[in-house]
């Protein structure tokens, strides 16, 4: 799209250049032409240079450019539009008054001198010129624009330019034009005089305000309201009490606007009276916004009595109105006011009590803290919920004991979650010791939340407390404890966790324990006891089909080859490596492989396979990438696209094998149990019972690459 | 996009999962409330503008759809065909607003209508769910803030990264980034770079066309109503509907489209919800008066020295997402601070936010992204737009929300509207 725009612009330049060349006297090329060829400028610096030069060429150059404008669809004047709008932006900068005045005058001349039948007489061309005056026009442009206000087609763009100029002279000229307005130009001029608050237009506006057309009428009411014309007060009040829905709604908002203008003129008393009337006339449930607006005005203009009004409004059964009052109260500081609200809350109905507490929390005056803490024991849940939030906001660390008690007593998940989130907003030094102390004696349905808090704050000092929770009789507590251990425990705790993993009584708990193991292993950096199995230079440390594998650019390439094994044996370990597949590639990771026999059966093979290949559309579940071949199926969907590197980590501890691919655990099983009563593929797998052996790549005649192969033996 | 090695990619997924696994989604009821609502108190909604995003708004759960409104009969017909029974169609949004049975008005029109309809809805006593960017000008945004607050309405802007969803290339929500910033570990002031390197593309394909010949307005489109407050310009198809973002009269290209998605969360974690930058620097080619094109760089600086860089070129492939005097945060939540996650865990969670708009409506609690902070983040978008359009650097007064020493720039804060429209 941008390319085509660019082409178009280039063509446009050509056309305009041609035009200007013809316009220039024979033989002498206009200097404007050269400058226009460089548009659009590619940077601010370039724009500054071009437009400084263009402006220096003076009014004649500008009228040349204006003469290059054409009505849309009749030719390409893109570079003239770039030139004029660029000039306008450039000349509108601070400190360029004479340049700006020259440009504005030139644009005005193009508007007023246009000959009928020429492009400059076209409405759209003239609208474009006037839109440039929105940026650079000033009082000197007013007469030119003024002359266009009686033209039905030009009145609107001329008015927009005058609105942008926005000076008293602009307002006056709009007001004058309004006295001669036709039905076609009236709405435009009414709106504009109102917007510029031109008071001398009021008599004319009053006349238009009784026009049969709703648009004219309402626009006039807007203008009268914005001017704050007292003559229109009755009319506005009557319209605001109108029965017709749209007119009532619109007129009411205008009446409120009028009231604000009235107050700004110093007529506060009248304005307040009008607001109080609105509170009476607009009692429909759907008009609580009007009552809220009236209340907001009263609160703003009344000073001390405003506080009384807000306290009274808080008793309203209308939730919208009540909360409008509370939002206003939230903005008024002061401890005495806080105390009034505290008293108000004590006597309030349930919903209002909750609303007031929420407001006091947001308001942030600590004087409300005792109320908030006390309300944690309120009989009504909505009040307790508001109290939880207010206590956390106002109390900081001091809210810990109260919120902990709330958490322990919570009857619903909703309340428990809310209390837990509130606790997590409090400072660690108050929170963690209290949570750890509360944990052992807390009810079972509370303990998971407490364990979550210890994990969130990485309370490694509380590791023993968390391990103790593993002894709980409640499964949800044990699972939460495993989740916490994944965060808090470290390598030294792995043996204990593997033990717990082996004894896990349910699948859920086994999954939680395994996740904890994986999380801890993930945190062990390569620098902590990992040995490089592949040096990136040659096959030192490897045996077997060393001809089928080679080293290219630090990568181990199976080119293709067969089986390649480590020289040493490994029993329990963490193995990390990366691999990159070619389409349909098949290989395998051998572990616990004996010196003789079939690696996949007499040892264990973890599948390495492009299982996205079409030829593997009908694999058995235990044949997908990562599977313990023939025995444990892997979760699919974590492999990167063929040709991208994949990161794999294999954890082997006794019969437990965990495979993590690109950050997702795709296999986690006790392979001996998994093969009981028999392996899935129906083959014998004596290798599952082996406790040690070689690690190796089991090539099946396909090309693929490995790198960063390192192992850490586990005790 | 630079490719991460698989190792680092895996590492960050695991580190962030481990660091933030315990981060709790704040439950929807966290700020209290009356609990569950019986069907008789079900909220109802209308959707205004059902051509593009509006079709999605019609399907959002949580409130019953009663009305759909569009100035294009074709759009309206298609929307009604897809709508459940009983949904009424309208051409004029003002008629929708007079229906007493509608609680919430969704606004999915082009941005030049957002301010007007938001204000009208607030004056009609409706709560508002508005598409981004919030308003086409800063002035309209100010008027929306006033109208929403005066009428005690609930307002939500339709972007969500400050309170949910994975934040582009970070593998987490914004919450841990907020926590990191609040922890002070990166130091102060901070510089945030939003561009392709850090995971944010600026979608410059939202560019306009120049010198397009006018065409007849299709009979199903009320083009004058579509233009509404925008200046009259002859119709051609690229100007409206799916491609309006390419024209300054209605939006601001990729910056208009993605700006609030990308920048609002930054404003949130920098704690700038009630202020705006004081300096705007721009590097861009000259813009066409009508059609939006691309820009290279926009730098916005707050009074305390914090900076937001909108990087349109993505040339610096090593630029951090957040840079402070004491540390850096890169895309993927990687950092030069050792043991970041362990250190971060010691700090309290950020304040909870109301993340369910209909719950905000029921309980009258300000939504996470509301008229007030939404206006400030839209102001960042509009400041960028004005600097790009004018092609010059600007100074801004966040208190009065006016440019300093640049009268012409101030004229772009309140652009004139075509009658009878006014805010």
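The values are calculated or read from the model by the stated rules, or taken from the named source; none is laboratory data. On a predicted model such as this, the values are computed, not experimentally measured, just so you know. Cβ: placed from backbone, ideal geometry, glycine included. Neighbour counts: every protein chain shown.
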For the range A:144-165, indicate whether the set of residues that are under 40 Å from the mean Cα position of the chain (by Cα), part of a helix (DSSP H, G or I) and either farther than 22 Å from residue A:184 by Cα or touching a residue at least 40 places away in the same chain (Cβ under 8 Å) (or both) is non-empty.
yes
Reported set for the range B:267-290 where residues are in a strand (DSSP E or B) and under 14 Å from residue B:255 (Cβ atoms) is B:280, B:282, B:283
Enumerate the strands (runs of 3 or more DSSP E) found wholly within the range A:607-699, keeping only those where 1 or more residues are closer than 21 Å to residue A:514 by Cβ.
A:645-653, A:656-661, A:664-670
Test: residue A:703 is more than 23 Å from residue A:535 (Cβ to Cβ) and within 49 Å of the chain's Cα centre (by Cα):
no
Please enumerate the residues belonging to the range B:197-212 that are out of contact with any helix residue (DSSP H, G or I) (no Cβ under 6 Å at 6 or more places or on another chain), more than 14 Å from chain A (Cβ to nearest Cβ) and surrounded by fewer than 18 Cβ atoms within 10 Å (Cβ to Cβ).
B:201
Has the range A:697-707 got any residue that is within 14 Å of chain B (Cβ to nearest Cβ), in contact with a strand residue (DSSP E or B) (Cβ under 6 Å, 6 or more places away or on another chain), surrounded by fewer than 21 Cβ atoms within 10 Å (Cβ to Cβ) and under 24 Å from residue A:541 (Cβ atoms)?
yes
Looking at residue A:450, is it over 16 Å from residue A:488 (Cβ atoms), buried (at least 19 other Cβ atoms within 10 Å of the Cβ), more than 10 Å from every other protein chain (Cβ to nearest Cβ) and in contact (Cβ under 8 Å) with a residue 40 or more places away in the chain?
no
In the range A:602-634, the residues that are touching a residue at least 60 places away in the same chain (Cβ under 8 Å), touching a helix residue (DSSP H, G or I) at 6+ places or on another chain (Cβ under 6 Å) and surrounded by fewer than 24 Cβ atoms within 10 Å (Cβ to Cβ)
A:602
Quick one: in the range A:234-252, which of the residues that are part of a helix (DSSP H, G or I) and in contact (Cβ under 8 Å) with a residue 40 or more places away in the chain is surrounded by the fewest Cβ atoms within 10 Å (Cβ to Cβ)?
A:237
Conditions: (1) touching a residue at least 12 places away in the same chain (Cβ under 8 Å); (2) more than 25 Å from residue B:327 (Cα to Cα). Residue B:201 meets all but one. Number of the miss?
(2)
Selection within the range B:108-125 - touching a residue at least 60 places away in the same chain (Cβ under 8 Å) and within 10 Å of chain A (Cβ to nearest Cβ)
B:119
Write out, first by first residue and then by second, each pair whose Cβ atoms fall under 6 Å of each other, whose residues are 6+ apart or on separate chains, and whose first residue, in the range A:536-552, is free of Cβ contacts under 8 Å to residues at least 60 places away in the same chain while the second is in a strand (DSSP E or B).
A:538/A:551; A:541/A:567; A:542/A:564; A:543/A:565; A:543/A:567; A:550/A:557
Just checking, does the range B:410-420 include any residue being within 7 Å of another protein chain (Cβ to nearest Cβ), outside any loop (DSSP other than H, G, I, E, B) and in contact with a helix residue (DSSP H, G or I) (Cβ under 6 Å, 6 or more places away or on another chain)?
yes
Are any residues in the range A:121-142 touching a residue at least 12 places away in the same chain (Cβ under 8 Å), part of a helix (DSSP H, G or I), farther than 14 Å from residue A:89 by Cβ and more than 8 Å from chain B (Cβ to nearest Cβ), and if so, which ones?
A:123, A:125, A:126, A:129, A:130, A:139, A:140, A:141, A:142
Scanning the range A:571-588 for residues that are within 11 Å of residue A:704 (Cβ to Cβ), more than 14 Å from chain B (Cβ to nearest Cβ) and within 43 Å of the chain's Cα centre (by Cα), which turns out surrounded by the fewest Cβ atoms within 10 Å (Cβ to Cβ)?
A:583
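Table: residues versus (1) at pLDDT 95 or above; (2) within 14 Å of chain B (Cβ to nearest Cβ); (3) buried (at least 20 other Cβ atoms within 10 Å of the Cβ).
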residue: A:340; (1), (2), (3): yes, no, no
residue: A:343; (1), (2), (3): yes, no, no
residue: A:356; (1), (2), (3): yes, yes, yes
residue: A:363; (1), (2), (3): yes, yes, yes
residue: A:372; (1), (2), (3): yes, yes, yes
residue: A:378; (1), (2), (3): yes, yes, no
residue: A:388; (1), (2), (3): yes, yes, yes
Taking the range B:379-409 as the search range and keeping residues that are more than 11 Å from chain A (Cβ to nearest Cβ) and touching a strand residue (DSSP E or B) at 6+ places or on another chain (Cβ under 8 Å), which one is nearest to residue A:192 (Cα to Cα)?
B:402
What are the residues in the range B:213-227 that are buried (at least 19 other Cβ atoms within 10 Å of the Cβ) and not in a strand (DSSP E or B), if any?
B:226, B:227
The range B:329-347, residues that are closer than 17 Å to residue B:196 by Cα and outside any helix (DSSP H, G or I):
B:329, B:330, B:334
The range B:288-301, residues that are crowded, with 21+ Cβ neighbours inside 10 Å and within 23 Å of the chain's Cα centre (by Cα)
B:290, B:291, B:292, B:293, B:295, B:298, B:300
Quick check, is residue A:93 assigned to a loop (DSSP other than H, G, I, E, B), under 40 Å from the mean Cα position of the chain (by Cα) and closer than 25 Å to residue B:284 by Cβ?
yes
Filter the range B:331-343 for residues that are within 19 Å of residue B:166 (Cβ to Cβ) and at pLDDT 95 or above and give the result.
B:335
Residue by residue through the range B:131-187, note down the ones that are part of a loop (DSSP other than H, G, I, E, B), closer than 24 Å to residue B:49 by Cβ and without any contact (Cβ under 8 Å) to a residue 12 or more places away in the chain.
B:165
Restrict the check to the range A:48-56 and report whether at least one residue is touching a helix residue (DSSP H, G or I) at 6+ places or on another chain (Cβ under 6 Å), at pLDDT below 95, within 13 Å of chain B (Cβ to nearest Cβ) and in a helix (DSSP H, G or I).
no
Counting only residues that are at pLDDT below 95 and at the interface with chain A (Cβ under 10 Å from one of its Cβ atoms), how many does the range B:214-257 have?
0
When residues of the range B:286-314 are limited to those that are over 13 Å from residue B:191 (Cα atoms) and free of Cβ contacts under 8 Å to residues at least 24 places away in the same chain, the one nearest to the other protein chains (Cβ to nearest Cβ):
B:296
Just checking, how many residues over the range B:228-266 are surrounded by fewer than 24 Cβ atoms within 10 Å (Cβ to Cβ), on the phi > 0 side of the Ramachandran plot and assigned to a helix (DSSP H, G or I)?
1
